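Reading through the structure tokens given below for one structure.
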Amino acid sequence: MPPRRANPRRVKLHRIYSAAELAACLGVHKNTVRHWQANGLEPVSKGRPTLFDGETVRAFLAKRNASRKRPCPPGTLYCFKCRQPRPPAMGMVEASCQNATTGNLSAICEVCGTMMHRRTRLSAIASIMPNLDVQIREAGPRICERTEPSLNCDNRKD
Ligand SMILES: [Zn+2]
């Protein structure tokens, strides 16, 4: 069962919610709210009933959702074997141009040796792979004809 992702925008900023109200507002079980609380969602006060401030809830959920997306931080590619972003072995990345604006980055996972791929805008390579040795491979006809899918963390919709 895919985990349900609560939409922070459903929470009103300037409102105080009880756990039950919050659960109803976000369409989650009350236990989910307790789980959030155990994972760092701060109630307004320690007293009973437990009350949550909308602004705090929003910030908590936005941060939580963002961390679940597993975006690749700069200098990493997503390794499907390790199931997390990994730096390239020996800092070596190969970039192949697909067309004038897009390219595929390939590198070997530093940890497990699996080939990793990441699609990128060519203009973004310097910021995505700072301080790394990126070898640009010009697109020859052979490369353009390849139909190999790009395993790209940015395309992951989970
Ligand atoms: Zn790996």
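The values are calculated or read from the model by the stated rules, or taken from the named source; none is laboratory data. Just so we're clear, the structure is a prediction, and the values are computed from it rather than from any experiment. Cβ sites come from the backbone with ideal geometry, for glycine too, and all protein chains shown count toward neighbours. Heavy atoms of the whole protein, side chains included, go into the accessibility calculation; ligands, DNA and RNA do not. Shrake-Rupley method; radii C 1.70, N 1.55, O 1.52, S 1.80 Å.
Restricting region 58-68 to residues that are open to solvent by 30 Å² or more (accessible area, probe 1.4 Å) and without any contact (Cβ under 8 Å) to a residue 60 or more places away in the chain, the residue that is nearest to the ligand (Cβ to nearest atom) is S67.
Screening Y17 with (1) within 30 Å of L132 (Cα to Cα); (2) touching a Phe, Trp or Tyr at 6+ places or on another chain (Cβ under 6 Å) gives one miss only, at (1). Just so you know, in region 36-55 the residues that are of a type in the set (S, T, N, Q) and surrounded by fewer than 17 Cβ atoms within 10 Å (Cβ to Cβ) include one that is modelled with the highest pLDDT, and it is Q37. For L22, the conditions (1) open to solvent by 70 Å² or more (accessible area, probe 1.4 Å); (2) modelled with pLDDT of 90 or more all hold with the exception of (1).
Residue by residue, here is whether (1) of a type outside the set (D, E, K, R); (2) open to solvent by 80 Å² or more (accessible area, probe 1.4 Å) holds:
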site: T76; (1), (2): yes, no
site: F80; (1), (2): yes, yes
site: E94; (1), (2): no, no
site: G113; (1), (2): yes, no
site: M116; (1), (2): yes, no
site: R119; (1), (2): no, yes
site: L122; (1), (2): yes, no
